[in-house]
1. Summarise the long-distance tail of P(r) for region A:1-48 by giving the % of C-alpha pairs beyond 17 Å.
2. Which trypsin sites (Lys or Arg not before Pro) does region A:327-436 hold that lie in a coil by DSSP with at most 11 other beta carbons within 10 Å?
3. Over region A:154-266, one equal point on each Cα, no solvent: what is log10 I(q)/I(0) by the Debye formula at q = 0.24 Å⁻¹?
4. Lysines near A:K166 by alpha-carbon distance under 17 Å, same-chain residues fewer than 8 away left out - which ones?
5. So for region A:242-396, Kirkwood radius off the Cα pairs, Stokes-Einstein at 37 °C and 0.692 mPa s: how many µm² s⁻¹?
6. In whole angstrom, how far apart do the alpha carbon centroids of region A:20-46 and region A:166-225 sit?
7. For chain A, what are the DSSP H helices with axial Cα length of 15 Å or more and mean Kyte-Doolittle hydropathy of at least -1.0?
8. Within 10 Å of each candidate Cβ there may be at most 15 other Cβ atoms; applying that plus a DSSP loop requirement, which GluC sites (Glu not before Pro) in region A:1-98 survive?
Amino acid sequence: MTLSPVCRLAPSPTGYMHIGTARTALYNQLFAKRHHGKFLLRIEDTDRERSTPEATQAIFDGLTWLGLHWHGEPVMQFSRAPRHAEVAHQLVKEGKAYFCYCSPEELAEMREEQKNAGQPMRYDGRWRNRSADEAPAGVKPVIRIKAPQEGETVVIDAVLGEIRVKNEQLDDMILLRSDGTPTFHLSVVVDDADMGITHVIRGNDHMTNTFRQLQIYHAMGWKEPVYAHLPMIVNDQGQKLSKRHGAVGVRDFAKMGYLPEALRNYLLRLGWGHGDDEIISDEQAAAWFNLEGISKSPARFDYNKLNALNAHYLQLADNVRLSELIKDFMPTAPSSEDTQRIIKGMASLKSRAKTLVELAEGAKVYCLAQPLIYDEKAKAVLDAATVEMVKKLAERFATVNDWLAPALEECVRNFADENSLKLGKIAQPLRAALTGTTVSPPIFEVAEILGRDVSLKRLHAL
RNA sequence: GUCCCCAUCGUCUAGUGGCCUAGGACACAGCCCUCUCACGGCUGUAACACGGGUUCGAAUCCCGUUGGGGACGCCA
């Protein structure tokens, strides 16, 4: 690549930030990084009805949380409306676009007739060659492009290859609405051209838009960008991911306890491959990412794999960082002493968790809420005879000098030998007594971290 | 309805005419490790949608069928 690429993410701020948008952002950012180019952000807020500042903020927040940084100030598309109108009028002057005075009702009627007749639903060009004198009074016209009616439009897509469509299939799309505001196609092309975008990497739902957008490039004599259309992310039914069927917002994944680095790795591999590599660091991703590796077919979102990846990145994550992150997932904030215990026990805790939610759950052992609550399984373990035994063990514990896991383990092993018991026969009741549960990190480690006083207190509380 | 795109284990994928009795990862099952649960290690189940070609040879190329997805707005 001789010139460094300029990529962009162009989401419309009409709600939350979709996970598919996040992946598109990742691919754009990686591609730009790989080739030392730029990754720009443009907020497509020309739909004044649906665009909200909150949704715009959600996009900034989502990208920031994911660790995807864009270059420079985001472009707010609506602010460029005058420029878009200017281009539309220029095309009219050059005879490449024209005014159309059809009412929305008239167009709807036309489509209805076409549909009933089994015809393709397309604008029939009824104003293409009429002069403005025929304009009905009081009707504000739209501007339509005078699209070529013969030949074909060809897209060379970096993912899909060459795609051709006959121009007769395309109609004269609206460039400028009757209120003078630009439509999507016009603003996208004008902005991409003005921003110097060289590579348009976007969702496959834009594939068929490309033909129309190319016509604007051709009319204006602008150099067209390289296109790369990404396969959709679909749900387990194979359909477009939508809010009706579960989580789709980046924020939802944060709330479910996923780490941004895990989501990045997951999204990277969802629709792109590099041999047999599965765990891919940010550095490797930036060095390896290429358009050739993008797959053509839609990819299903799979929580199992995301969970596995998240578990992996949890292992790699810094213990103090994790102790901070799990606070959002705990009913009450742990005290500073509890937090210290959690950090000490984190190595064992995190190997047992797939998400921050599970990690927070596990960390509860070190949060000293009194009295200790025993779950059903723990109660079952602690029958009367067993409680007697544990109390005897507690007396032994009181004599342990170094309150450290190895010493405690030795103490319990000796106790077990003396009573001809298997270690498990004592360790499990000990676990139940110390944690109120039957599942925890290694119990001697838990006892060590809990400390002598707390541990003995819990044993005596039986 | 019209147009466009897609098609390898349940899922994500490797594979670009012989290296494929199709590889990896996740999930699943079993075993080992083990104080519980995990981690880890080992083993296993499991796929080229179908039908025609082309070729000495096809998961790989071509055509068709079927199935899936997307687009057809004065939304983006």
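1. Numbers: 430 of 1128 pairs.
I get 38 percent for the Cα pairs in region A:1-48 exceeding 17 Å.
2. Sparse-neighbourhood loop trypsin sites (Lys or Arg not before Pro): A:K422.
3. Evaluating at q = 0.24 Å⁻¹ gives log10 I(q)/I(0) of -1.31.
4. A:K146
5. Working: Rh = 18.5 Å.
Answer, rounded: 178 µm²/s.
6. Each part's Cα centre sits 18 Å from the other's.
7. Span-like helices, by this rule, are A:19-34, A:53-66, A:81-93, A:184-195, A:209-220, A:303-316, A:336-350, A:384-397, A:405-418, A:423-435.
8. A:E49, A:E94
Values in this text are rule-based calculations from the coordinates and carry no lab data. Values in this document were obtained by computation on a predicted structure and should not be read as measured data. Positions of Cβ are generated from backbone atoms using ideal geometry, with glycine treated the same way; all protein chains shown enter the neighbour counts.
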